[in-house]
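Input: a single structure, listed below in structure tokens.
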Amino acid sequence: MLHVKNFFGDVTMKTAIYARVSTNNGQQSPEMQLQALREYCAARKFDVFEEYVDEGISGTKNSRPALNRLMDDAKKRKFDAVLVWKFDRFARSTKHLITALEEFKNLGIDFISYSENLDTSSPMGKAMFTIVGAIAELERSLIVERVKSGLQAAKKRGKKLGRPGKNINKGEFKRLISEGESVHAAAKQLGISNGTAYRLAYEIN
């Protein structure tokens, strides 16, 4: 944790604020979200590390500049906590939220949702982290089971799965699967056949 001391010597928590609005035509403004989150930080004596704001970007977009930068800074452990207005302002799906929360947990970064009143630094929030981790593990186990079932079914049909080529990035494939991507989706991203992907999935498990 990158706790810092304020003027009086009290320990404060470096906090990254994230806000998002879907349009930038003047009808929506992130200022309402930001003002409430700033006041929250002031009330709890949190030190605002930076405000990450995506404007005019749908929540379903896979790539959001400010969110991408926040996640990069999180990996560098530049702050102790992430504060958002609401789950749907931050995550594009339940799967995305679970993946992000698990990553924050592994990095030792707390997550606070203002509207849902969730704070993973609290006892209830820590329990939430545990539940999220269990759900993520369950999803990975289900993926492994589906992969094995798919391989067995393919073998029964006499389908030749083939061997991975030398240039296949096994580490990247393993990362995609661990983050909850389907074997088909991982194969598509890496430009390999489904047969090769299923073989890789079988090998890493």
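Might you let me know whether region 155-178 holds any residue that is at pLDDT 80 or above, part of a helix (DSSP H, G or I) and in contact with a strand residue (DSSP E or B) (Cβ under 6 Å, 6 or more places away or on another chain)?
Checked region 155-178: no residue is at pLDDT 80 or above, part of a helix (DSSP H, G or I) and in contact with a strand residue (DSSP E or B) (Cβ under 6 Å, 6 or more places away or on another chain).
When the residues of region 29-63 are filtered to those that are free of Cβ contacts under 8 Å to residues at least 24 places away in the same chain and aliphatic (A, V, I, L, M), which remaining residue is surrounded by the most Cβ atoms within 10 Å (Cβ to Cβ)?
If we take residues in region 29-63 being free of Cβ contacts under 8 Å to residues at least 24 places away in the same chain and aliphatic (A, V, I, L, M), then 34 is surrounded by the most Cβ atoms within 10 Å (Cβ to Cβ).
What is the number of the single condition among (1) modelled with pLDDT of 85 or more; (2) under 23 Å from residue 182 (Cα atoms) that residue 47 does not meet?
Of everything listed in (1) modelled with pLDDT of 85 or more; (2) under 23 Å from residue 182 (Cα atoms), residue 47 misses just condition (2).
If we keep just the residues of region 64-122 that are over 14 Å from the mean Cα position of the chain (by Cα) and of a type in the set (D, E, K, R), which is surrounded by the most Cβ atoms within 10 Å (Cβ to Cβ)?
So, considering only residues that are over 14 Å from the mean Cα position of the chain (by Cα) and of a type in the set (D, E, K, R), the one surrounded by the most Cβ atoms within 10 Å (Cβ to Cβ) is 80.
Can you tell me which of (1) more than 18 Å from residue 114 (Cα to Cα); (2) at pLDDT 95 or above is the one residue 81 doesn't meet?
Going through the list (1) more than 18 Å from residue 114 (Cα to Cα); (2) at pLDDT 95 or above, residue 81 breaks only (1).
Could you count how many residues in region 179-205 are within 23 Å of the chain's Cα centre (by Cα), surrounded by 16 or more Cβ atoms within 10 Å (Cβ to Cβ) and either of a type in the set (Gly, Ala, Ser) or part of a helix (DSSP H, G or I) (or both)?
6
The values are calculated or read from the model by the stated rules, or taken from the named source; none is laboratory data. The shown structure was predicted, so the numbers you read here are calculated from the model rather than taken from an experiment. In this analysis, Cβ positions are derived from the backbone assuming ideal geometry, glycine residues included, and neighbour counts consider all displayed protein chains.
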